[in-house]
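Chemist: I'd like to ask you about the structure that follows.
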Amino acid sequence: MEKDSYKLLLNYSFHLLGRKNYSEAEISRKFFQRGKKLKLSGLDIAVKKVIKRLQELQYLDDSRILSDYFEYRLKSRPVGKFLFLHEMHRRGIPFEQAKQAWEKRDIDEEPLALQLLESRKRQWKKEKMPPVLRKKKAIQLLTSRGFSPDTIWGLIDSLSVEVDKI
């Protein structure tokens with residue numbers, strides 16, 4: 001019966017990983033949910049075996065998730081360090097590993113925040129908002145995207161001379 005659990009979970013993992021990269025913690029959670037739903041026997045052992053096999057096949061790699069995040073996601077949807085760490089924690093990647101990955105790349109939040117503000121600039125100009133409201137919107141946006149208060153206020157102070165830049 002354990003062999004059936006292993007096969008079912010392995011097939012399920014190929015189905016999942018064909019759509020999205022999962023961290024080890026995420027896929028483990030999915031396996032336990034699926035195993036309880038199907039009432040599989042020997043679930044703990046089968047999950048460990050499947051995870052080990054997926055790592056051997058290099059389908060499951062938390063460090064690859066981190067590097068892909070920096071390579072692709074951060075460029076298309078800029079976020080600050082706080083939101084990055086939160087998203088990695090939610091995905092089950094250890095805090096220290098995520099923090100080291102961020103610091104290793106020596107990412108400066110200010111250009112990311114500027115890129116984000118530039119993307120919203122046209123929309124805010126269309127709405128013909130007063131400068132005070134634009135400043136408030138900019139602060140809310142940067143805060144919601146996990147930028148540090150130092151970055152936000154430094155950027156807002158430097159741009160407040162020319163409020164039309166926001």
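Read the figures in this text as sums done on the coordinates, not as results from a lab. Please read these numbers as outputs of a predicted model, since none were measured by experiment. Please note: Cβ atoms are built from the backbone with ideal geometry, for glycine as well, and neighbour counts cover all protein chains shown.
Chemist: Once the Cα atoms of helix 95-104 and of the chain are each reduced to a long axis, what angle between those two axes, in degrees from 0 to 90 to the nearest 10, is obtained?
Modeler: Around 50 degrees separate the two axes.
Chemist: How far is helix 131-144 tilted, in degrees, relative to the longest principal axis of the Cα atoms in the chain, given as a value from 0 to 90 rounded to the nearest 10?
Modeler: It is inclined by approximately 20 degrees.
Chemist: Which stretch or stretches of region 46-82 have amide N atoms under 12 Å from the point lying 7 Å from SER119's Cα along the Cα→Cβ direction?
Modeler: From region 46-82, the list is 73-80.
Chemist: Decide, for region 109-165, between rounded, prolate and oblate: order the square roots of the alpha carbon gyration tensor eigenvalues as a ≥ b ≥ c, take rounded if a/c falls under 1.5, and otherwise choose prolate if a/b is larger than b/c, else oblate. Could the numbers behind the result be given before it?
Modeler: Working: a/c = 1.72, a/b = 1.47, b/c = 1.17.
Here region 109-165 falls in the prolate category.
Chemist: Between Rg and the Kirkwood Rh of region 54-99, both from Cα atoms, what is the Rg to Rh ratio? Please list the in-between numbers first.
Modeler: Values: Rg = 11.2 Å, Rh = 11.2 Å.
Reported Rg/Rh, Kirkwood definition of Rh: 1.00.
Chemist: If you fit an axis through the alpha-carbon atoms of helix 149-159 and take the longest principal axis of the Cα set of the chain, what angle between them do you get, 0 to 90°, nearest 10?
Modeler: 30 degrees
Chemist: Taking Cα pairs under 8 Å and at least six residues apart, what relative contact order does region 1-158 come out at, in percent? Could the numbers behind the result be given before it?
Modeler: Details: 114 pairs, mean separation 38.5, N = 158.
Reported as a whole number, the value is 24 percent.
Chemist: Near LYS48, which aspartates and glutamates are there with a Cα under 19 Å away, not counting those fewer than 8 places off in the same chain?
Modeler: GLU2, ASP4, GLU24, GLU26, GLU56, ASP61, ASP62
Chemist: Which Cα, out of LEU38, PHE70, LEU57, lies furthest along the positive dipole direction of region 1-121 (beta carbon charges, K/R +1, D/E -1)?
Modeler: The residue sitting most towards the positive pole is LEU38.
Chemist: Would you kindly calculate the translational diffusion coefficient of the chain, applying Stokes-Einstein with the Kirkwood radius from alpha carbon pairs, for 37 °C and a viscosity of 0.692 mPa s, and quote it in µm² s⁻¹ without decimals?
Modeler: On the way: Rh = 18.5 Å.
Stokes-Einstein gives a translational diffusion coefficient of 177 µm²/s.
Chemist: Take the alpha carbon gyration tensor of region 6-60, find the square roots of its eigenvalues, order them as a ≥ b ≥ c, and report rounded if a/c is under 1.5; if not, report prolate when a/b exceeds b/c, else oblate.
Modeler: Details: a/c = 1.77, a/b = 1.42, b/c = 1.25.
Prolate is the answer for region 6-60, as a/c is 1.5 or above and a/b outweighs b/c.
Chemist: Return the tail of the calculated pair distribution for region 70-123, meaning the percent of Cα-Cα pairs more than 17 Å apart. Display every interim value, and only then the final one.
Modeler: Details: 546 of 1431 pairs.
Roughly 38 percent, rounded to a whole number.
Chemist: Sticking with this one: Pairs to check: LYS20/LYS49; LYS39/LYS104; LYS37/LYS75; LYS75/LYS136; LYS20/LYS99. Give those whose C-alpha atoms are more than 32 Å from each other in this structure. Write down the numbers at each step before the final one.
Modeler: Working: LYS20/LYS49 21 Å; LYS39/LYS104 43 Å; LYS37/LYS75 38 Å; LYS75/LYS136 24 Å; LYS20/LYS99 23 Å.
Where the Cα-Cα span goes over 32 Å, the pairs concerned are LYS39/LYS104; LYS37/LYS75.
Chemist: Loop-only trypsin sites (Lys or Arg not before Pro) in region 72-141, please: DSSP not H, G, I, E or B, and at most 10 other Cβ atoms within 10 Å. Present the calculation step by step, with values, prior to reporting the outcome.
Modeler: On the way: sites: ARG73, LYS75, LYS81, ARG90, ARG91, LYS99, LYS104, ARG105, ARG120, LYS121, ARG122, LYS125, LYS126, LYS128, ARG134, LYS135, LYS136, LYS137; in loops: ARG91, ARG105, LYS128.
Within region 72-141, the qualifying trypsin sites (Lys or Arg not before Pro) (loop, at most 10 other Cβ atoms within 10 Å) are LYS128.
Chemist: DSSP loop trypsin sites (Lys or Arg not before Pro) in region 15-52 with at most 11 other Cβ atoms within 10 Å of their Cβ, which ones? Working shown, then result.
Modeler: Numbers: sites: ARG19, LYS20, ARG29, LYS30, ARG34, LYS36, LYS37, LYS39, LYS48, LYS49, LYS52; in loops: ARG19, LYS20, LYS39.
Filter output for region 15-52: ARG19, LYS20, LYS39.
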